[in-house]
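Let me begin by presenting the structure, written as structure tokens, before commenting on it.
The values are calculated or read from the model by the stated rules, or taken from the named source; none is laboratory data. Since we're looking at a predicted model, the values are computed, not measured. Here Cβ is always computed from backbone atoms with ideal geometry, including for glycine, and neighbour counts include all displayed protein chains. Remember, those area values only see protein heavy atoms, side chains included, never the ligands or the DNA or RNA. Shrake-Rupley method; radii C 1.70, N 1.55, O 1.52, S 1.80 Å.
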Amino acid sequence: MDSLQPINILPIYGSNDIRSQIGLTWQMLKAPLVVPILQLMVIMCLAMSIMLFIERVYMGIVILFLKIFGRKPSKSYKWEAMKDDIELGNSTYPMVLVQIPMYNEKEVYQLSIGAACGLSWPSDRIIIQVLDDSTDPTIKSLVEVECERWGSKGINIKYEIRGNRKGYKAGALKEGMKHSYVKQCDCVAIFDADFQPEPDFLWRTIPFLLHNPQIALVQARWKFVNADECLMTRMQEMSLDYHFTVEQEVGSSTYAFFGFNGTAGVWRISALNEAGGWKDRTTVEDMDLAVRATLKGWKFVYISDLKVKNELPSTFKAYRYQQHRWSCGPANLFKKMAMEIYRNKKVSLLKKLYVIYSFFFVRKIVAHIVTFVFYCLVLPATVLVPEVEVPKWGSVYIPSTITILNAVGTPRSLHLVVFWVLFENVMSLHRTKATFIGLLEVGRVNEWVVTEKLGDALKTKSTAKSLKTLPIKFGERLHLLELGVGGYLLFCGCYDYAFGKNGYFIYLFAQSMAFFIAGIGYVGTFVPNS
């Protein structure tokens, strides 16, 4: 009798069999599940695109009107240059407090303190207040010595510290307002540690507050001293120039609403106090205060031709932290204040709708979500599911128009618009994640990481040498989410190149490359750890 041979009852699958099984499963799920879900997502994204398109066109029309008719704040509000009064002397000038909050600002503390002490204003009517939350004893000592140096020159400068960092910047500003000498002040100018106002800053802003009792805030524009440092800073300049050239200008000129930028602005202290002062419930304490002041009936003025020098974050790590705070904070504030804004009785229904819908919902939530979900997830997915089509007006015409309207704020960088679009789409991943964290109040919702400033550090020979000699820790620069999205876009691009008909692969290949570059941290200036 022959020996029995074992019988293999398990099916043996080759690679072709596995592919056929996956293909069969995909076909079974596609029609009843994938197609309807993707169609719904396309409709929702198109609706959000239309909302953003209408918002951009509206603001473009307003700006065009302002340019044609030359409408400036000095024509809308009373403004007169301040003059000396021989009889009353300097008592006619408002008492001004200048606050400089800082935290371990080794590279820029001298610049900011020096610029504040150089403000042209009667010396007995101004107090410079340095609010130092530094945890590094060496830096704290340097800041204190710098304050003493200016004090020895006759500048009325106060060096203030506190025992903890509760509330971060908002906590420091709130604590600074509690000092007895602040009670004699009428206005407070706020400058972050890298901001350098020109000497005539107060002469150009204070008259608005002095002659118009309904105005609470005068906001100046930012001017970026390091915009040409690298391609990433050029991209930031394009985005922020649109914010200052269009969004802030429209909010101010239409008497609607615009948010305080947290720095380079002057507040009427009575308005600040009436609004409830500084609160640390979100990471956008400046926007929080502005909204509350608006609900009290106060007005704001934006001066576009008054520019204050400052520094853009030039490392990718610093920029990511900043964008998380700037995206998470507004979404969280919207969740906290939407009903309060709606129920308010002091402002008109039109202004309430503007703040809720235009300022918060479209600009702070929809803009981030539609940029990432539509252009980086849904549109590429339609390549894999040809049954779902995106109309040309939604995939080409609307985004092209929005891009052009955004880019005109920085004419010198129009040739970089393609790089800007790709970079903004990459950052939209980070902003969308932060937006949902803010709306859901989970995870890093209250995370506050001070944006790293480099000052003149990169210009010194020693630093330049260290950039060449010190090794780069690759693991610290790896971002898995960006790499994952980049892989998805590359797959969709390859599929479209092989089987598609819309030619999306050109965009998909370029966008996947942008995600890969960001994923390995090859963006911005790299400063190795000392």
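As a quick test, which of the pairs Lys158/Lys296; Lys299/Lys336; Lys72/Lys352 have an alpha carbon distance above 27 angstrom in this structure? From Lys158/Lys296; Lys299/Lys336; Lys72/Lys352, over 27 Å: Lys158/Lys296. Using the Cβ-Cβ distance between Lys392 and Lys501 with R0 set to 22 Å, the FRET efficiency works out to roughly 0.95.
Between Tyr342 and Trp203, the contour length at 0.36 nm per residue exceeds the alpha carbon distance by 46.3 nm. Using a simple spin-label model with pseudo-atoms 7 Å out from Cα toward Cβ, Ile68 and Ile161 lie 5.9 nm apart. One decimal place: the segment Ser20-His179 gains 49.8 nm when fully extended, by the rule 0.36 nm per residue minus the C-alpha distance. Label sites at Val57 and Thr401, each approximated as a point 7 angstrom past Cα along Cα to Cβ, lie 0.4 nm apart. Express the Stokes-Einstein translational diffusion coefficient of segment 272-336 in µm² s⁻¹, to the nearest whole number, given a Kirkwood radius over alpha-carbon pairs, 4 °C and a viscosity of 1.567 mPa s. Value of D from the Cα-based Kirkwood radius: 94 µm²/s. Taking trypsin sites (Lys or Arg not before Pro) across segment 38-143, the ones in a DSSP loop with at most 14 further Cβ atoms lying within 10 angstrom of their Cβ are Arg71, Lys78, Lys83. In a fully extended conformation the segment linking Ala510 and Val145 would gain 126.3 nm over its present Cα-Cα distance, using 0.36 nm per residue. Of all lysines in the structure, those lying under 24 Å Cα to Cα from Lys153, and not within fewer than 8 positions of it along the same chain, are Lys106, Lys140. Ligands, DNA and RNA are left out, and with a 1.4 angstrom probe the accessible area of the chain is 49 Å² per residue. Averaging Cα coordinates gives a centre for segment 226-257 and one for segment 269-304; these two points are 21 Å apart. Between His211 and Leu480, the FRET efficiency from the beta-carbon distance, with R0 = 41 Å, is close to 0.15. For Met44 and Lys296, a Förster radius of 30 Å and the Cβ-Cβ distance give a FRET efficiency of 0.25, rounded to the nearest 0.05. If only the Cβ of Lys and Arg carry +1 and only the Cβ of Asp and Glu carry -1, the dipole of the chain around its Cα centre is close to 900 debye.
Sorted by packing (mean other beta-carbon atoms within 10 Å per residue), highest first, where do 215-224, 364-373 land?
Final packing ranking: 215-224, 364-373.
Counting only protein heavy atoms, what percent of the accessible surface of segment 115-197 is carbon or sulfur at a 1.4 Å probe? Of all accessible area on segment 115-197, carbon and sulfur atoms account for 47 percent.
Mind listing which trypsin sites (Lys or Arg not before Pro) in segment 303-353 are in a DSSP loop and have 13 or fewer other Cβ atoms within 10 Å? Answer by residue number: Lys345, Lys346. Atom-type composition of the exposed protein surface of segment 287-432 places 65 percent of the accessible area on carbon and sulfur (1.4 angstrom probe). Placing pseudo-labels 7 Å out from each Cα toward the beta carbon at Val34 and His415 gives an inter-label distance of 4.3 nm. Listed by chain and number, the lysines placed with their C-alpha closer than 28 angstrom to that of Lys501 are Lys30, Lys392; residues fewer than eight positions away on the same chain are left out. Rg and Dmax over the alpha-carbon atoms of segment 376-428 stand at 13.3, 42 Å. When each full DSSP H helix of the chain is screened for a Cα extent of at least 24 Å along its own axis and an average Kyte-Doolittle hydropathy of at least 1.0, the helices passing are 35-69, 417-440, 480-499.
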